[in-house]
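Below is one structure, written out as structure tokens; the observations come after it.
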Amino acid sequence: MHFVFSDKVMLLFDFWSVHSPAGIALSVLVVLLLAILYEGIKVGKAKLLYHTLSSLHTPASQEHILERERDSVDSDSLLVSRTPLRWLLCHFGQSLVHVIQVVIGYFMMLAVMSYNAWIFLGVVLGSAVGYYLMYPLLGKI
Amino acid sequence: MDHSHHKGKNYMDNSSSTMPPSHHHPTTSASHSHGGGDGNMMMMPMTFYFGFENVKLLFSGLVINTAGEMAGAFVAVFLLAMFYEGLKIAREGLLRKSQVSIRYNSMPVPGPNGTILIETHKTVGQQMLSFPHLLQTVLHIIQVVISYFLMLIFMTYNGYLCIAVAAGAGTGYFLFSWKKAVVVDITEHCH
């Protein structure tokens with residue numbers, strides 16, 4: 001078990017078996033997009049959580065957020081009692097996003113475990129590009 | 001395939017007897033067939049599949065051969081993944097509660113249209129020799145072990161168990177993160 005630069009690889013599913021340079025290029029592209037999506041979901045989850053809280057709350061300035069952090073427990077339970085259905089939907093959506101994040105994370109781990117160096121470089125490059133592209137968006141809440 | 005079938009039949013024949021022999025038998029038959037030159041028994045699957053025969057789970061004693069055992073393993077893995085999510089969130093809450101020295105470092109960053117946003121960073125100081133910190137350390141060990149277990153379970157490529165991991169993570173997140181505050185640990189990785 002060691003890394004090899006090979007154009008023959010079997011990835012995750014038995015129908016995703018690659019035997020040609022074009023195939024490996026396509027696979028690397030897919031893995032790259034997956035890694036970018038993973039970083040994007042991480043940022044998106046944080047933004048979604050923020051938007052949920054701030055839309056349910058009164059217009060949020062930074063002081064409000066600090067206060068909310070300090071006594072988050074009682075203000076959150078107040079939110080829950082105020083708009084239960086909307087909160088439930090948002091929370092359900094967030095849980096789904098979390099499942100997608102977990103699954104993509106494991107898929108990437110399994111793809112790296114194929115010990116194909118091209119795939120590995122694809123994952124690393126995808127994470128780098130994803131981080132570079134997505135994290136600046138986090139500041140623009 | 002042929003051998004695994006053979007083994008599954010042996011197991012079912014034995015299942016009426018007491019537990020220790022039935023546990024003992026599959027391992028001996030596995031080692032025997034390996035000695036016979038069948039390398040397939042030791043090979044790990046490389047792609048996803050749905051099946052409940054001869055699924056090795058973490059430890060040598062844990063081999064799934066029947067649908068009932070797979071159902072049990074599904075529930076166990078589901079609960080483990082749920083517990084993992086709960087543990088992560090509980091640790092976060094515990095940390096927030098035990099913090100005595102929180103400093104907020106605010107710094108202005110330019111916003112999109114001329115506005116100025118205040119970015120706030122939280123600096124957390126915790127004493128090394130204190131009960132909350134020791135508790136956090138113990139919980140961290142448990143978290144690391146469980147996360148590796150879940151990773152190894154996913155690595156079996158068994159479709160049912162992978163679904164159990166994902167569904168457990170989702171359910172745990174749904175149930176336990178009601179009171180999650182705005183602070184999101186963005187640097188977490190792999191999970």
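The values are calculated or read from the model by the stated rules, or taken from the named source; none is laboratory data. These numbers were taken from a predicted model, which means no experiment stands behind them. Because the Cβ atoms are built from the backbone with ideal geometry, glycine has one as well, and the counts that use them run over all protein chains shown. We work out accessible area using only protein heavy atoms, side chains counted, and drop any ligands, DNA or RNA first. Shrake-Rupley method; radii C 1.70, N 1.55, O 1.52, S 1.80 Å.
As a summary of the residue check, A:LEU12 satisfies the conditions (1) within 12 Å of chain B (Cβ to nearest Cβ); (2) part of a helix (DSSP H, G or I); (3) open to solvent by less than 30 Å² (accessible area, probe 1.4 Å) except for the one numbered (2).
Taking the range A:15-34 as the region of interest, how many residues are in a loop (DSSP other than H, G, I, E, B) and within 27 Å of B:PHE50 (Cβ to Cβ)? First the steps, then the outcome.
Of the residues in the range A:15-34, the ones in a loop (DSSP other than H, G, I, E, B) are A:15-16, A:19-20.
Subset that is within 27 Å of B:PHE50 (Cβ to Cβ): A:15-16, A:19.
Looking only at that region, the number is 3.
In this structure, A:GLN94 does not satisfy being modelled with pLDDT of 75 or more, under 25 Å from B:ARG96 (Cβ atoms) and more than 8 Å from chain B (Cβ to nearest Cβ). Is it the case, given these coordinates, that A:GLU39 is within 11 Å of chain B (Cβ to nearest Cβ), within 13 Å of the chain's Cα centre (by Cα) and either at pLDDT 95 or above or assigned to a helix (DSSP H, G or I) (or both)? So A:GLU39 fits the description; yes. Restricting the first member to the range A:3-20 and to residues that are at positive phi, and the second to residues that are part of a loop (DSSP other than H, G, I, E, B), the beta-carbon pairs closer than 8 Å and six or more apart or on different chains are A:LEU12/B:THR47; A:LEU12/B:PHE48. Answer yes if at least one residue in the range A:116-130 is over 14 Å from A:GLY40 (Cα atoms) and not in a helix (DSSP H, G or I), and no otherwise. Scanning the range A:116-130 turns up at least one residue that is over 14 Å from A:GLY40 (Cα atoms) and not in a helix (DSSP H, G or I). Report, by residue number, each residue of the range B:50-74 that is touching a residue at least 40 places away in the same chain (Cβ under 8 Å) and of a type in the set (A, V, I, L, M). Within the range B:50-74, B:VAL55, B:LEU57, B:LEU58, B:MET70, B:ALA73 meet the criteria.
For the range A:97-117, check the following and say yes or no: at least one residue is away from every other protein chain (no Cβ under 12 Å) and at pLDDT 75 or above.
Scanning the range A:97-117 turns up at least one residue that is away from every other protein chain (no Cβ under 12 Å) and at pLDDT 75 or above.
Selection within the range A:42-55: residues that are of a type outside the set (D, E, K, R) and open to solvent by 20 Å² or more (accessible area, probe 1.4 Å). The member of this set that is modelled with the lowest pLDDT is A:SER55.
Rundown of residues vs (1) modelled with pLDDT of 55 or more; (2) open to solvent by less than 60 Å² (accessible area, probe 1.4 Å); (3) out of contact with any helix residue (DSSP H, G or I) (no Cβ under 6 Å at 6 or more places or on another chain), yes/no style:
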{"site": "B:SER17", "(1), (2), (3)": "no, yes, yes"}
{"site": "B:SER33", "(1), (2), (3)": "no, yes, no"}
{"site": "B:GLY36", "(1), (2), (3)": "no, no, yes"}
{"site": "B:GLY39", "(1), (2), (3)": "no, yes, yes"}
{"site": "B:PHE52", "(1), (2), (3)": "yes, no, no"}
{"site": "B:LYS56", "(1), (2), (3)": "yes, no, yes"}
{"site": "B:THR66", "(1), (2), (3)": "yes, yes, yes"}
{"site": "B:GLU69", "(1), (2), (3)": "yes, yes, yes"}
